[in-house]
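No value in this document is a laboratory result; all are computed from the given coordinates. Source: prediction; values computed, not measured. In this analysis, Cβ positions are derived from the backbone assuming ideal geometry, glycine residues included, and neighbour counts consider all displayed protein chains.
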Amino acid sequence: MRFPLALSLKIAGHILKHKLRKTPKFALVLQLEPLHTCNLTCTGCGRIREYSTSLKDMVPLERCLAAAAECDAPMVSICGGEPLIYPKIEELVQGLLAQGRIVYICTNGVFMRKKMREYFAAVFDPSVPSHQATLQRLLTENLITEKEADAIRHADAAAKSRVVIRPTQWLYWNVHIDGLEYTHDLIVEREGVFRECVAAVRMAKILGYQVATNTTVYRETDVQEIEDMFRYFSALGVDGHTISPGYDYDAAKKDMVKRLGKDPKDFFLTREMTRQKFAKILDWGRQFTIFGTPVYQEFLAGKRELTCTAWAIPTYNIRGWKAPCYLMTDAHYPTYAEMLEKVDWDKYGVVNGVARDPRCENCMVHCGYDPSGALGTNYQRGDHWKNFKYNFGPRPKPHPWSPELERRAFNGVSVGRGHLAQARAAVAAASVVAGAPAGVPSHNGELHPHVGTFCGTGEGARLPARQPQTGHGE
Ligand code: SF4
Ligand code: SF4
């Protein structure tokens, strides 16, 4: 089965319950941002810039849990910022799981191995042969050092009793990967991050965690590279891939102008461009475990229209419930109920090709439109069956690993030593020499301008395709 049965049933049950009650608007996925602090400064990341004045603030644990309880979304995507920096991340995950939610931790991957070592130290029992074998495998594959192995073997009472993030079918690590080594490190502006992500993914699979990758496609994204990335991570055994078009939301746009001195118009992923980039998404969905409904995939591929249902993937952060959506901020509200009531939802989205708000014109992102596919808005005959078949159909087989695939994945570190400065210089040189548009030069000499990245931006949890249900519109 493509997705775990329990997960699919949980989402389907939630939708069915609200359809039977005729609830006009309800949450499917909560984007929970307990903090906006991050250990990286990715090119164009809107989050760390939009909330730059409150980077040190954190949502208290109790408020995070209360927000999840209030909106009652079956899935919670913990994003940020980097959620593994949140001091109570373990308690937050534990609390959400105790509420019966499916939890995605959207992370840049840098602290994952530390968190997993803490888990293994807490459960490690030297008398259990499988624990010893796992420890040995982690050592052999260079995923932990001898010193770290010793710390696991000799964990003290405090380490044994700490709250840790344990593998469960209700939890996914959702790792931000925006390309293969060269591109990813360029986007996150730090050398070695891709390598660390790969190590973290491998370690997570050995320890029994579910792992997804989380990728944003930009105007400059090479579609062939994305396919190679799917192949590589599929070969590593990841459980699914989330993918969404990058979009020039306000904060990212401002950063691009102010910090990088670029004209955002040169980098917008328009609707037309999104459709070109995602032309093969239905094909990808057959080859790889792509999260998201096939209806949303058809929308991305330009085969149909959908209406924005941003209220179904609400965002909660230090300032409250962010409206109207994850990308745009017109106001924050103290409760989800108040946000639902006070926002004039008819002001937003694109209907029949006409943008109700100019800022929505080019948006096709999952947090606005993936729920539309799951909720049956713009229903077309056969959609339920299509979604059902996708969910319950066989899971695509992992792509076979090969040295060639490994070689293509590790295609060279981008610049290193704080590459942005060098990249800027190269951009200037390229622009002068060739009269070329500003951008970051890639390893193959092409220019790679960037729009805001979506790692901590919570383009995280995706909906499995929904079950057949009693009705289809809202
Ligand atoms: S279309 Fe929806 S999700 Fe996209 S920017 Fe507009 S309100 Fe937000
Ligand atoms: S995109 Fe994610 S990892 Fe990068 S700076 Fe933003 S929150 Fe941090």
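Observations
- Per-residue Cβ neighbour counts within 10 Å put Tyr390, Tyr316 in the sequence Tyr390, Tyr316, beginning with the fewest.
- Phi angles across region 129-134 convert, under the Karplus curve 6.51 cos²θ - 1.76 cosθ + 1.60 with θ = phi - 60°, into 3J(HN,Hα) values of x, 5, 5, 4, 5, 5 Hz, Gly and Pro given as x.
- Segment Lys17-Ala355, length gained on full extension (0.36 nm per residue, minus Cα span): 118.5 nm
- Within the same chain, aspartates and glutamates fewer than 8 places from Lys160 are excluded, and of the rest, those with a Cα less than 18 Å from its Cα are Glu90, Glu91, Glu118, Asp125, Glu148, Asp150.
- For the pair Asp346 and Gln224, the difference between a 0.36 nm per residue extended length and the Cα-Cα distance amounts to 40.1 nm.
- Alpha-carbon centroid distance for the pair region 274-338 / region 359-412, whole angstrom: 12
- Over 25 Å (Cα to Cα) - which of Lys88/Lys397; Lys25/Lys280; Lys147/Lys397; Lys277/Lys347; Lys280/Lys397 fall in this group: Lys88/Lys397; Lys25/Lys280; Lys147/Lys397; Lys277/Lys347
- Per-residue 3J(HN,Hα) values for region 107-113, derived from phi via the Karplus relation 6.51 cos²θ - 1.76 cosθ + 1.60 with θ = phi - 60°, read 10, 7, x, 5, 9, 4, 5 Hz in sequence order (x marks Gly and Pro).
- Across region 272-296, the residues whose backbone nitrogen lies under 16 Å from the label position 7 Å along the beta-carbon direction of Leu405 are 284-290.
- Put in line by how crowded their Cβ is, counting other Cβ atoms within 10 Å and starting with the fewest, Leu55, Leu340 read Leu55, Leu340.
- Burial order of peptide ranges 204-217, 122-135 (average beta-carbon count within 10 Å, highest first): 204-217, 122-135
- Förster-model FRET efficiency, 51 Å R0, Arg153 and Lys303, C-beta, rounded to 0.05: 0.40
- Listed by chain and number, the aspartates and glutamates whose alpha-carbon sits under 16 Å from that of Lys303, ignoring those within fewer than 8 places in the same chain, are Glu272, Asp283, Asp370, Asp383.
- The order of Lys386, Lys277, going from fewest to most other C-beta atoms within 10 Å of their C-beta, is Lys386, Lys277.
- Nonlocal amide H pairs with Thr242, under 5 Å, H built at 1.01 Å: Thr213, Asn214, Thr215, Phe291
- Proximity of backbone amide H atoms, modeled 1.01 Å from N, is registered between Cys38 and Glu82 at under 5 Å, excluding neighbours fewer than 5 places apart on the same chain.
- Taking a Cβ cut-off of under 11 Å around Gln224, the surrounding Lys, Arg, Asp and Glu residues balance to a net charge of -1, with basic ones at +1 and acidic ones at -1.
- Taking a ≥ b ≥ c as the square roots of the eigenvalues of the alpha carbon gyration tensor, region 357-410 is oblate, as a/c is not under 1.5 and a/b does not beat b/c.
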